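Visitor: Below are the structure tokens for one structure; questions will follow.
Here, each number is a calculation from the coordinates, and none is a lab measurement. Note that this is a predicted model, so its numbers are computed, not measured. Every residue, glycine among them, receives a Cβ derived from its backbone with ideal geometry; neighbour counts consider all protein chains shown.
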Amino acid sequence: MREAGLSAIIVAVIVALLLVLVSNQQLLNLGGSAVDGDLMVELISPVEGDWVESTLTVEVKTTGYAQDTTLVIVINGEIKGSDTASGTEHTFEIDLNGYDDGSGAPVELEIFARAEGVTSRTATVTALYPRQMTDDAAEDIQPEWNSIGDMLVFKSARGLEIGLFEIYTIPREGGTPTQIPTEREYHGYPHLSPTGTHVVFNSWVYSDDGSRQMDIFTADVESGETIQVTADPAFDDSGRWSPDGNSIIFYSNRDGTMDLWKVTVNAIGEPAGSPEKLVGTPAREHCGRWSFDGEMIVYESDEGGNNDLWLVGANGGETTKITFDEYPDGYPGWAPDGAHIVYNSIRDENGDLWILSLQNGAMQRLTSHAAMDAHPTWSADGRFIAFHSDRAGNSDIWVVEVPPLDGVAGFSTMAVSSAFGGFSSGSLALVAIAAGMLFGKVEWVRRSE
């Protein structure tokens, strides 16, 4: 009996050791390594699920190879780079423009490294091809889609004195921009009404003594007839029309610090009441953006010392912090599914665009250019994100087609259908995933104003 028990223990130990060995091999495979005796080929980057742009950086580690052995990079079955396999670290810069069929549609690529019969893991990545919409020598910035996603509105300095901007539109397919006339000289943060018949913007108002204040205006896109929505000796900026057309949100320092405000308006943008504060703290709240269903607002705040993104219901109340990194995060925009936010984040001394899942905190890098990409906005059909960028040497409007989000590791595509829909009461504990790597548990803390 005692011998039978001892035998059972020995068997259990052997099984446990085998499980450890299998687990270690699985981890090795996940890490991108292939081993044959003393030879190893490990694909360090890219990682599975990456979105990349026109140039792909491939990093490979090898061990045990002689000088006359060749290391190759294979993409979709074709050799796209080679090097001697001796040494340990290898970096390849591979041009991906040849995979673009001219439409700008995302292209899926399968990549692996191979040397002397040893092959690394295969990483499947998606190549993106942002399309330049404007190319004027002057600044074209701050794009926003119209409500149906077939046209962009933006501000441009073309043909103007330094510091002045006018409002233009351009179809999604591209073409010659069309100016929207108004009765003002300066225009900032334009946004079309849900019907597309009017545009909201901010503009300087000058007094006889030379002082000035920034206020919110609307204008008829055909006649240019202009209405002043706010008139406060403060700084009112970045007006955004609600999806139902009944309200305009903006930020203002009329109470001493930048806060988020809302004013009721009629169909042509005439104010129908006094502005009311939605969010007000000692911090700076600004750049509020409506969700497509009009139930929630995402905005920027430097509460806590860093510029992060927050959520609040359409009528104010409790707020929820949704980004937690040490980088300045700003200019948020909603996906039409209500479950994702696109925003720009300044990392590595340049700004790129990121997408955040509101269901589980997963993040996906959208652009990866050395230029400054900013002010993203999502089309109503979910296919395109527009932004401005200086990647061509000057600030212009660009559009990138977005791959299906249900193919992103860790992403949830469940829609948030109402204010804080899908959130548990109190605080929400998340397992947050950044670039596919588990980095811990965070708390989305709600608090009252």
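Visitor: Which distance in Å, rounded to a whole number, links the C-alpha centroids of the stretch 258-308 and the stretch 161-191?
Guide: One Cα centre to the other: 23 Å.
Visitor: For the stretch 131-447, report the % of Cα-Cα distances exceeding 34 Å.
Guide: Values: 8915 of 50086 pairs.
Value for the stretch 131-447: 18 percent of Cα pairs lie more than 34 Å apart.
Visitor: If you don't mind, another one. Give, rounded to the nearest 20 debye, the magnitude of the charge dipole that the stretch 309-385 has about its Cα centre when Lys and Arg contribute +1 at Cβ and Asp and Glu contribute -1 at Cβ.
Guide: Numbers: 4 positive and 10 negative charges, 35 e Å.
Dipole of the stretch 309-385, to the nearest 20 debye: 160 debye.
Visitor: Would you mind classifying the stretch 198-282 by shape? Square roots of the alpha carbon gyration tensor eigenvalues, ordered a ≥ b ≥ c; an a/c under 1.5 is rounded, otherwise it is prolate if a/b is larger than b/c and oblate if not. Intermediate values should be presented prior to the final figure.
Guide: Numbers: a/c = 2.26, a/b = 1.14, b/c = 1.99.
It comes out oblate by the Cα gyration axes.
Visitor: Taking the Cα centroid of the stretch 114-151 and of the stretch 199-251, what is the distance between the two, rounded to the nearest whole Å?
Guide: Cα centroid to Cα centroid, the span is 33 Å.
Visitor: May I pose another question? Note down the magnitude of the dipole of the stretch 35-127 about its Cα centre, charges +1 on Lys and Arg C-beta and -1 on Asp and Glu C-beta and zero elsewhere, to the nearest 20 debye. Don't skip to the end; give the middle numbers.
Guide: Values: 4 positive and 18 negative charges, 30 e Å.
The dipole of the stretch 35-127 has a size of about 140 debye.
Visitor: On to the next question. Give me the number: length gained by fully extending GLN228 to GLU270, i.e. 0.36 nm times residue separation minus the C-alpha to C-alpha distance, one decimal in nm.
Guide: Full extension from GLN228 to GLU270 adds 14.4 nm.
Visitor: Ratio of Rg to Rh for the stretch 183-225, alpha carbon only, Kirkwood?
Guide: Details: Rg = 11.7 Å, Rh = 11.1 Å.
Checking Rg against Rh, the ratio lands at 1.05.
Visitor: Could you check the spin-label model distance between TRP204 and ASN246? Points 7 Å from the Cα along Cα→Cβ, value in nm.
Guide: Going from the TRP204 label point to the ASN246 one covers 3.7 nm.
Visitor: Using only the Cα atoms, what convex hull volume per residue in Å³ does the stretch 230-338 have? Provide the component values of the computation, followed by the final result.
Guide: On the way: hull volume 10.5 nm³, N = 109.
Value for the stretch 230-338: 96 Å³ per residue.
Visitor: Taking H as built 1.01 Å from N, whose amide H comes closer than 5 Å to the amide H of MET258, not counting residues under 5 places away?
Guide: Hits under the 5 Å cutoff: GLU285.
Visitor: A further question on this structure: Would you report the distance distribution of C-alpha pairs in the stretch 75-209 as whole percents per 10 angstrom bin, up to the bin with the largest distance?
Guide: 10, 28, 19, 15, 14, 10, 3, 0, 0
Visitor: Okay, moving on. When the gyration tensor of the stretch 35-127 is built from Cα positions, what are the square roots of 5 times its three eigenvalues, in whole Å, from largest to smallest? Walk me through the intermediate numbers first.
Guide: Values: eigenvalues 132, 28, 21 Å².
Semi-axes from the Cα gyration tensor: 26, 12, 10 Å.
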